[in-house]
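Since the structure comes first, as structure tokens, the remarks are kept for the end.
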Amino acid sequence: MKGAYYELRFRVKNTVGWSGFSPTSSFIASEFPSEPSAPELVSFNSSAITLKFDPSKIDDGGVPLLSYVLEVNNGF
């Protein structure tokens, strides 16, 4: 269910028998988020730029983005 929090463990069985349980894993169920709008240029100088990012407009049920990673692509 979208937005639900789940915890799970698993184990496997082979010809030797059952394994022990895995460590507990957790996740929040979500859907694909909508595409965010393009960042807005706020200011720039010779050594820095400031951009404004708007979050996705549609709730996907997941955890909000906490940070962005920007990469420079020189066309290669």
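Go through the stretch 1-49 and give me each residue that's touching a residue at least 24 places away in the same chain (Cβ under 8 Å) and under 20 Å from residue 68 (Cβ atoms).
Residues satisfying the conditions are 28, 30, 32, 33, 34.
State whether the residues of the stretch 67-76 include one that is within 16 Å of the chain's Cα centre (by Cα), small (Gly, Ala, Ser) and surrounded by 10 or more Cβ atoms within 10 Å (Cβ to Cβ).
no
For the stretch 2-46, name all the residues that are loosely packed, with under 10 Cβ neighbours inside 10 Å and among the polar types (S, T, N, Q).
Residues satisfying the conditions are 14, 15, 24, 26, 43, 45, 46.
Could you identify the single residue in 56, 26, 37 that is modelled with pLDDT of 80 or more and of a type outside the set (A, V, I, L, M, F, W, C)?
From the options 56, 26, 37, the qualifying one is 26.
If we scan the stretch 14-34, do we find a residue that is touching a Ser or Thr at 6+ places or on another chain (Cβ under 9 Å) and among the charged types (D, E, K, R)? Give the derivation first.
In the first step, residues of the stretch 14-34 are kept if they are touching a Ser or Thr at 6+ places or on another chain (Cβ under 9 Å); the result is 33-34.
So of that shortlist, the ones also among the charged types (D, E, K, R) come out as none.
The answer is no; no qualifying residue exists.
The values are calculated or read from the model by the stated rules, or taken from the named source; none is laboratory data. None of the values given here were measured: they were computed from a predicted structure. FYI the Cβ positions are ideal-geometry reconstructions off the backbone, even for glycines, and counts take in every protein chain you see.
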